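**Q** Please read through the structure below; I'll follow up with questions.
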Amino acid sequence: MKIGFCVVNYSEKPLEEVCKIAADNGYDAVELPAYTDNGQVDVPKLLKGNQAKKMKKMIEDHGLFISALSNHADSPLVMGPYSAGMDSICPGTKEEKIKFAQESMIRSAQLAAELEVPSVVAFSGMENYGHINDWPEPNGWKYEEEQFAEKWGYVFDKYKEYGVKVAFEPHPNNIVYDTQSALRLLEVVDHHESFCINLDPANILFSGVDVNQFVDELRGRIVTVHAKDCEIVRHNLGKGGLNMYMQDGWGRLDRSFRFRIPGWGDVDWKRLISELFITGYNGVFNYEHEDVIMSRADGVKKTIDFLRPLMIDAPYEGRSDKLFTK
């Protein structure tokens, strides 16, 4: 097991500067952004000539490897919403937004293949999140399933060509948002080999889903993990439940949850890491800083110090003494 660093933790800094921060603090890998205009990784440019190989060498020269690419910003537009709120990602009609998102995801797969990176992290999107409820549109979920099969099915087939996985990050306001939705949508696309999961335990926890049960049910499909924690603010639960959003910023004192760095929330990391390992995961935990209380500099050091001792290096080798011999 390895510990990675999401370079967008310092999105205002050049890629090489962030790689140095990660390497100097003992991280093993980096997760790179691949969405449009991210300011650190220019995907169209890297797909020309040998630019991708040059970037990969720079990263390896820092003693790091690339664990995954991230296309969180563009990917939701594969399924929506297509409202004005998404115009900052891509202005235009619904059809233009879908085309933009699919093309961006496919470019990400091309770059991942060039870099020999196994997966691209994405949000699944959902045209109308109200469709998870059978009122007032009882056929809404069926419509969303059909859209998922059509729009993401096309992307999955392209990813299969490149030997790369789409790693959906379950999250509210997406059609992949909990254990049941992930399992159902796997059925919808006939368990397509390109459909995989980026497990963010904080997103799972604040949705009220059991993280370890999710790991058990989705075993074999989890290809990358975000090291992010979630603190349930129990004295606020009675006012709005786990999904109490309200706007005005993530750091509001009256929210019922807060994203935190690993070890500062309610994720049981020893149990989670054990469950992941025993179900076959031996990959990277990419530290993503969304902590609303402490600085990124605090998080960089505290996260590696917390997680490093918890990483499992090898499975139990068994015993051969008389008590354990059959």
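Bear in mind these aren't lab numbers, they're just calculated from the coordinates by the rules spelled out. Given the structure is predicted, the values throughout are model-derived calculations rather than measurements. Neighbour counts are summed over all protein chains in view; Cβ atoms, including those assigned to glycine, are modelled from backbone coordinates with ideal geometry.
**Q** Do you know the relative contact order of the stretch 1-160, to the nearest whole percent, from alpha carbon pairs under 8 angstrom that are 6+ apart? Write out the running numbers ahead of the final one.
**A** Values: 235 pairs, mean separation 33.8, N = 160.
It rounds to 21 percent for the stretch 1-160.
**Q** Once phi is turned into ³J(HN,Hα) by the Karplus curve 6.51 cos²θ - 1.76 cosθ + 1.60 with θ = phi - 60°, what whole-Hz value does each residue of the stretch 117-123 show in order, with x for glycine and proline?
**A** With coefficients 6.51, -1.76 and 1.60, one gets 9, x, 8, 10, 6, 8, 9 Hz.
**Q** Let me ask you something else. What whole-number volume per residue, in cubic angstrom, does the convex hull of the C-alpha atoms of the stretch 61-100 give?
**A** Per residue, the Cα convex hull of the stretch 61-100 comes to 92 Å³.
**Q** Can you tell me how the stretch 176-262 classifies by the Cα gyration tensor, rounded, prolate or oblate, using a/c under 1.5 as the rounded cut?
**A** Details: a/c = 2.58, a/b = 2.13, b/c = 1.21.
Verdict is prolate for the stretch 176-262.
**Q** Loop only per DSSP, at most 16 neighbouring Cβ atoms within 10 Å: give me the trypsin sites (Lys or Arg not before Pro) in the stretch 210-278, ordered by residue number. Present the calculation step by step, with values, prior to reporting the outcome.
**A** Numbers: sites: Arg219, Arg221, Lys228, Arg234, Lys239, Arg252, Arg255, Arg258, Arg260, Lys270, Arg271; in loops: Arg219, Arg221, Lys228, Arg252, Arg255.
Within the stretch 210-278, the qualifying trypsin sites (Lys or Arg not before Pro) (loop, at most 16 other Cβ atoms within 10 Å) are Arg219, Arg252.
**Q** Please tell me the relative contact order of the chain in percent, rounded to the nearest whole number, where contacts are Cα pairs under 8 Å and at least six residues apart.
**A** Numbers: 593 pairs, mean separation 52.6, N = 326.
It comes to 16 percent, rounded to a whole number.
**Q** Between exposed GluC sites (Glu not before Pro) in the chain, where DSSP calls loop and at most 16 other Cβ atoms lie within 10 Å, what's the longest gap?
**A** 194-316
**Q** Enumerate the residues in the stretch 161-185 having an amide nitrogen under 18 Å from the point lying 7 Å beyond the Cα of Asp216 toward its Cβ.
**A** 178-184
**Q** With runs of 4+ DSSP H residues as the only contributors, calculate the mean residue ellipticity of the chain at 222 nm using -39,500 (n - 2.57) per run, divided by the residue total and rounded to the nearest 500. Write down the numbers at each step before the final one.
**A** Values: 11 runs with 122 residues, N = 326.
Using -39500 (n - 2.57) per qualifying helix, the result is -11500 deg cm²/dmol.
**Q** Moving on to the next point. Roughly speaking, what % of Cα-Cα pairs in the stretch 63-128 are separated by over 19 Å, rounded to a whole number?
**A** Values: 723 of 2145 pairs.
That tail contains 34 percent of the Cα-Cα pairs.
**Q** Let me ask another. Taking the Cα atoms of the stretch 172-326 alone, what are Rg (to one decimal) and Dmax (as a whole number) in Å?
**A** 17.7, 64
**Q** Of Lys56/Lys301; Lys45/Lys301; Lys13/Lys160; Lys56/Lys94, which sit over 31 Å apart, Cα to Cα?
**A** In this structure, Lys45/Lys301; Lys13/Lys160; Lys56/Lys94 exceed 31 Å between Cα atoms.
**Q** Taking every pair of alpha-carbon atoms in the stretch 242-326, what share in percent sits in each 10 Å bin, from 0 to the bin with the longest distance?
**A** Cα pair-distance distribution for the stretch 242-326, in percent: 14, 34, 28, 14, 7, 4, 0.
**Q** Only helices at least 20 Å long along their own axis, judged from Cα atoms, and with Kyte-Doolittle mean hydropathy of -1.0 or greater: name those in the chain from DSSP H.
**A** Once both thresholds are applied, what remains is 94-115.
**Q** Of Lys228/Lys302; Lys99/Lys158; Lys151/Lys228, which sit over 21 Å apart, Cα to Cα?
**A** Among Lys228/Lys302; Lys99/Lys158; Lys151/Lys228, the Cα-Cα distance tops 21 Å for Lys151/Lys228.
**Q** Taking every DSSP beta bridge with both residues inside the chain, roughly what % is antiparallel (nearest 5)?
**A** 15 percent
**Q** Largest first, please: the extent of the C-alpha atoms of the chain along each principal axis, to the nearest Å.
**A** That works out to 63, 54, 49 Å along the principal axes.
**Q** Test of understanding: given the chain, find the longest segment containing no chymotrypsin sites (Phe, Trp or Tyr not before Pro) that are in a DSSP loop and have at most 14 other Cβ atoms within 10 Å.
**A** Counting only loop sites that pass the neighbour cut-off, the longest clear stretch is 1-244.
**Q** Using a Gaussian network model of the chain whose springs link C-alpha atoms within less than 10 Å, name the residue from Ala314, Ala149, Ala34 with the highest mean-square fluctuation.
**A** Of Ala314, Ala149, Ala34, the Gaussian network model singles out Ala314 as fluctuating most.
**Q** Rounded, prolate or oblate: which fits the stretch 15-141 when a ≥ b ≥ c are the square roots of the eigenvalues of the alpha-carbon gyration tensor, with rounded for a/c under 1.5 and prolate only if a/b beats b/c?
**A** prolate
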